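In what follows, a single structure is set out as structure tokens and then discussed.
The values are calculated or read from the model by the stated rules, or taken from the named source; none is laboratory data. Bear in mind that the values here come from a model prediction, so they are computed numbers and not experimental data. Ideal geometry is used to build each Cβ from the backbone, glycine not excepted, and the neighbour counts take in all protein chains shown. The accessibility values were calculated without ligands, DNA or RNA, using every heavy atom of the protein model including side chains. Shrake-Rupley method; radii C 1.70, N 1.55, O 1.52, S 1.80 Å.
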Amino acid sequence: QVQLVESGGGLVQAGGSLRRSCAASGSIFTIGTMGWYRQAPGKQRELGATITSVGSTNSADSVKGRFTISRDHVKITVTLQMDSLRPEDTAVYYCLVSSGRAAYWGQGTPVTVSS
């Protein structure tokens, strides 16, 4: 079993920045892709950004150029740096970690961007 602890997030004005981090612990053998998804009120959960074990990244078009994802293999953390935030970025952000065939989700933390 893998436990995920998320930190960061909160309330920020449009144009501001926030950083989200997620730390994995537990019965970890191999960590594959790590990433962040988000779910806005009344909408489906969608991709934010992901990073593979070799550092390849993928992100939604809506966040390209504004969000940066990184990971630390020693600390087993994934971090999402969110810059130039917009009100439409308001959502609950969830950490995702894959290990083998399993996928683990964090508890989710809201990010609110005020205009």
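Of the residues Asp72, Asp61, ranked by 1.4 Å probe accessible area with the largest first, the sequence reads Asp61, Asp72. Ser7 sits among other residues whose Cβ lies under 10 Å from its own Cβ, and their net charge, with Lys and Arg +1 and Asp and Glu -1, is +1. On full extension, the segment bounded by Val74 and Ala102 gains 8.0 nm, given 0.36 nm per residue less the C-alpha separation. For the chain, set up a GNM with springs between Cα atoms under 10 Å and report which of Gly100, Gly35, Gly48 has the largest fluctuation. Fluctuation is largest for Gly100.
Write down the accessible area per residue of the chain in Å², having rolled a 1.4 Å probe over the full set of protein chains.
Values: 6170 Å² over 115 residues.
Here the residues of the chain average 54 Å² of exposed surface.
Restricting the stretch 71-115 to trypsin sites (Lys or Arg not before Pro) that sit in a DSSP loop and have at most 13 other Cβ atoms within 10 Å of their own Cβ leaves Lys75, Arg101.
Report, to the nearest whole %, how much of the accessible area of the chain belongs to carbon and sulfur atoms, 1.4 Å probe, protein only. Write out the running numbers ahead of the final one.
Working: 3090 of 6170 Å².
Carbon and sulfur atoms account for 50 percent of the accessible area of the chain.
Couplings 3J(HN,Hα) of the stretch 59-64, computed from phi: 8, 5, 4, 5, 10, 4 Hz, in residue order, whole Hz [Karplus 6.51 cos²θ - 1.76 cosθ + 1.60, θ = phi - 60°; x for Gly and Pro].
Using heavy atoms of the protein chains and a probe of 1.4 Å, the accessible area assigned to Ile51 is about 10 Å².
Spin-label model, Ala40 to Thr57: label points 7 Å out along the Cα-to-beta-carbon direction sit 2.2 nm apart.
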